[in-house]
1. Relative to the longest principal axis of the C-alpha atoms of the chain, give the angle of the C-alpha long axis of helix 58-73, reported between 0 and 90° and rounded to the nearest 10°.
2. Could you run the Debye sum over the Cα atoms of region 34-78, one equal point scatterer each and no solvent, and tell me log10 of I(q)/I(0) at q = 0.19, 0.27 Å⁻¹, two decimals?
3. About the Cα centre, and with charges only on the beta carbon of Lys, Arg (+1) and Asp, Glu (-1), how big is the dipole of the chain? Nearest 20 debye, please.
4. Compare A52, A28, A75 in a GNM of the chain, Cα atoms joined below 10 Å, and give the one with the largest fluctuation.
5. Springs between alpha-carbon atoms under 10 Å, Gaussian network over the chain: tell me which of T20, T71, T57 tops the mean-square fluctuations.
6. May I ask you to give the solvent-accessible area per residue for the chain, in square angstrom, as obtained with a 1.4 angstrom probe?
7. Exactly which GluC sites (Glu not before Pro) in region 35-84 are in a DSSP loop and have at most 13 other Cβ atoms within 10 Å?
8. Using only DSSP helix segments of four residues or longer, with each worth -39500 (n - 2.57), what per-residue ellipticity at 222 nm results for the chain after dividing by its residue count and rounding to 500?
Amino acid sequence: MKLSIDMDQRYAKMRAHTATHLLHAELAKIFPNTKQAGSLVDSDLLRFDFYANNLLTAEQIHDIENNVNQTIFKALPVDLIETSFEEGVKL
């Protein structure tokens with residue numbers, strides 16, 4: 001049996017995964033104690049579940065989207081770090 005990887009799909013999922021980190025960072029500015037409660041990362045979408053004390057306003061959603069997109073457009077280098085689960089949570 002020969003396994004192969006669809007690299008276009010893999011890179012799309014990697015981009016979506018990175019976007020969840022950017023989204024989490026933006027949410028932490030509004031909800032400093034927010035915790036991730038789950039996520040779905042696929043090649044054409046992502047979902048990020050989190051705990052918060054109140055709902056986001058339309059303006060906050062717009063600002064989050066704008067800030068995440070601005071960061072993406074900067075095309076900053078991304079470093080891959082392999083850690084334990086515990087270290088990953090701390091980071």
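1. Roughly 40 degrees, rounded to the nearest 10.
2. For region 34-78, the Cα-only Debye profile gives -0.85, -1.13.
3. Roughly 100 debye, rounded to the nearest 20.
4. The residue that fluctuates most here is A75.
5. For the chain, modelled as a Gaussian network with Cα springs under 10 Å, the answer is T57.
6. Normalised by residue count, the accessible surface of the chain is 86 Å².
7. Details: sites: E59, E65, E82; in loops: E82.
Sites meeting the loop and neighbour criteria: E82.
8. The helix-only estimate for the chain comes to -16500 deg cm²/dmol at 222 nm.
The values are calculated or read from the model by the stated rules, or taken from the named source; none is laboratory data. In this text the structure is predicted, and so the values were computed from the model without any measurement. Don't worry about glycine lacking a Cβ; one is built from the backbone with ideal geometry, like all the others, and counts go over all protein chains shown. To get the accessible areas, we keep the full protein, side chains included, count just its heavy atoms, and leave off ligands, DNA and RNA. Shrake-Rupley method; radii C 1.70, N 1.55, O 1.52, S 1.80 Å.
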